[in-house]
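Heads up, the thing below is written out as structure tokens.
The values are calculated or read from the model by the stated rules, or taken from the named source; none is laboratory data. Owing to the predicted nature of the structure, the values given are computational and were not obtained by experimental measurement. Every residue, glycine as well, gets a Cβ built from its backbone with ideal geometry; the counts of neighbours run over all protein chains shown.
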Amino acid sequence: MSPRTKNIATLSAIVAPFVLFFLAGRFLIDPWELPRENKGQLLIPHIAMANLKAVNDDGDAYTGDDMAGLWTILYVAGSECDTRCKNGLYYQMRQVRQTLGADVDRVRRVILHTATAGDDLNDFLNNNVKGMVSIHAEPQTVNDALAPVYETTAGEPIGDIFLVSPDGQIFMRYPTHENMDATLEEAENIRVDLKRTLKGSLIG
């Protein structure tokens, strides 16, 4: 065997395991089957905010363009605000955003109304969680757009919290809870996911 042939054989022996590992990872392993670090329910594929057909208080369409530049914590509300609702709006949204330190200005809080807000909800918004952006959408449209989220688990969008990227993609879901321990645990889940997302993102 010539020196040139021997060198090629040696190089091939060194490179081959890496090539085989890459091919196995590329074609034999489903990346969505691997363990993930996210705490909330990751939505694959993501759902476009535009699919909700939301409007702002003036009746103008609220789309991904309106969300540009900031990450969003989105709460889907009904007409009333029970304990789950209040815990979600206050601990899982307001307080979580406050814990983000230097990143606090990269995140907005949005409430999506699927019905006319009752007095209790309006009072809570005005007195406890000021600063939220209010938008509106038809409940059936919201249910249809977010239906893929609940294919494997019973539930509905009202009372749930979602994370939305600056390009208007809904990518994570979290439930709200009556129990305070569960609420605080969920708030920590949102905080961890948000911090990781903000740290790894060059947008928003």
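The residue that is nearest to residue 66 (Cα to Cα), among those in region 124-168 that are free of Cβ contacts under 8 Å to residues at least 12 places away in the same chain and aliphatic (A, V, I, L, M), is 147.
Among the residues of region 92-120, just one is touching a Ser or Thr at 6+ places or on another chain (Cβ under 8 Å) and part of a helix (DSSP H, G or I), namely 92. Determine, yes or no, whether residue 118 is over 24 Å from residue 40 (Cα atoms) and either out of contact with any strand residue (DSSP E or B) (no Cβ under 8 Å at 6 or more places or on another chain) or not assigned by TED's automatic domain parsing to the domain that holds residue 169 (or both). So residue 118 passes the test.
Give me a count of the residues in region 169-179 that are over 20 Å from residue 48 (Cβ atoms), touching a residue at least 60 places away in the same chain (Cβ under 8 Å) and surrounded by fewer than 19 Cβ atoms within 10 Å (Cβ to Cβ). Lay out the reasoning, then the answer.
Residues of region 169-179 that are over 20 Å from residue 48 (Cβ atoms), as a first pass: 175-179.
Filter once more, keeping what is touching a residue at least 60 places away in the same chain (Cβ under 8 Å): 176-178.
Within this subset, residues satisfying the condition of being surrounded by fewer than 19 Cβ atoms within 10 Å (Cβ to Cβ) are 178.
Number satisfying all stated conditions: 1.
Residue by residue, here is whether (1) in the same structural domain as residue 77 (by TED's automatic domain parsing); (2) crowded, with 16+ Cβ neighbours inside 10 Å; (3) part of a helix (DSSP H, G or I) holds:
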{"position": "123", "(1), (2), (3)": "yes, no, yes"}
{"position": "142", "(1), (2), (3)": "yes, yes, yes"}
{"position": "145", "(1), (2), (3)": "yes, yes, yes"}
{"position": "152", "(1), (2), (3)": "yes, no, no"}
{"position": "167", "(1), (2), (3)": "yes, no, no"}
{"position": "181", "(1), (2), (3)": "yes, no, yes"}
{"position": "186", "(1), (2), (3)": "yes, yes, yes"}
{"position": "191", "(1), (2), (3)": "yes, yes, yes"}
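Return the residue satisfying two criteria in turn: it lies in region 69-91 and is in a loop (DSSP other than H, G, I, E, B) and in contact with a Gly (Cβ under 8 Å, 6 or more places away or on another chain), and of such residues it is modelled with the lowest pLDDT. Steps first, answer last, please.
Just the residues of region 69-91 that are in a loop (DSSP other than H, G, I, E, B), to begin with: 69-70, 78-82.
Keeping just the survivors that are in contact with a Gly (Cβ under 8 Å, 6 or more places away or on another chain) gives 69-70, 78-81.
Numbers: 69: 86, 70: 94, 78: 97, 79: 97, 80: 96, 81: 97.
Top of the filtered list is 69.
Number of residues in region 193-204 that are part of a loop (DSSP other than H, G, I, E, B) and surrounded by 15 or more Cβ atoms within 10 Å (Cβ to Cβ) equals 1.
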